[in-house]
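*Asks:* Have a look at the structure that comes next, please.
The values are calculated or read from the model by the stated rules, or taken from the named source; none is laboratory data. Since we're looking at a predicted model, the values are computed, not measured. Cβ placement follows ideal geometry from the backbone for every residue including glycine, while neighbour counts extend to all protein chains displayed. In case anyone asks, the SASA skips ligands and DNA or RNA and just uses the protein heavy atoms, side chains included. Shrake-Rupley method; radii C 1.70, N 1.55, O 1.52, S 1.80 Å.
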Amino acid sequence: SWQGLCPCLALGQVEPWGGVGSQGSRICQAAPAWSVNGSSPMAGAAGQVTVVALRHLSPCSLGDLREKLSRQGMADVHYMIVNEKAPLSRAMFGELARQAPPGIPVYQQEPRDPDVWQVLEGDKDDFLVYDRCARLAFHIQLPYSFLHFPYVESAIRFTYSKDYCGNCSFYPNSTQEVGSSVRWSLGACQTLAFLLSWSPLVSG
């Protein structure tokens, strides 16, 4: 049950919106500036939900999720994978890029560039979901980022449909009041319960 997952929220492994005890949280903050080889992958993100995977274990599964959501009307979600800059990960870049589904770019960091993972405050196999105004809505970490769990899919669905950060003109009927009241009044466990309640609505 979702109640048993509250400790993971406290540890920041599933970080939806602000929640309780969120002082200093990056949730609902604009995506930090980062680039790879002179390219800024988040440029032009406004208007669509963006999903950033930090070297996900199974890019094929990410492709399956993309296709599932696309069939259900969520085609304008942008996905990308950012590989680690460590030498071993760089050596595996070709295989990672080969496994990635068509249309999901894989970015390889160069040793001379700032570490994107550090800029994003993420780690291996994290998922960061940004709303239509390029603000961080969810940061999902292992083990909850495994795609056989519902968290990543539910986070994308929720971010696609709801403007809980508020005041984003790319969502219909967006209001700052709705976003702030939900974001700060719901406890972390209540928020996750609401998020997970979306999963049974759609079959695989």
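*Asks:* For the range 38-127, what D do you get in µm² per second when you plug the Kirkwood radius from alpha-carbon pairs into Stokes-Einstein at 4 °C and 1.567 mPa s?
*Replies:* Approximately 95 µm²/s, per Stokes-Einstein.
*Asks:* At a probe radius of 1.4 Å, what is the per-residue accessible area of Asp123, in Å² to the nearest 10?
*Replies:* Counting only protein heavy atoms, the figure is 90 Å².
*Asks:* From the phi angles alone, apply the Karplus equation (6.51, -1.76, 1.60; θ = phi - 60°) to the range 156-168 and give each ³J(HN,Hα) in whole Hz, x where the residue is Gly or Pro.
*Replies:* 5, 4, 5, 5, 5, 9, 10, 9, 8, 7, x, 6, 10
*Asks:* Ok, one more. With a Förster radius of 45 Å, plug the Cβ-Cβ distance of Phe93 and Asn173 into 1/(1 + (r/R0)^6) and report the FRET value to the nearest 0.05.
*Replies:* With a Förster radius of 45 Å, E is 0.60.
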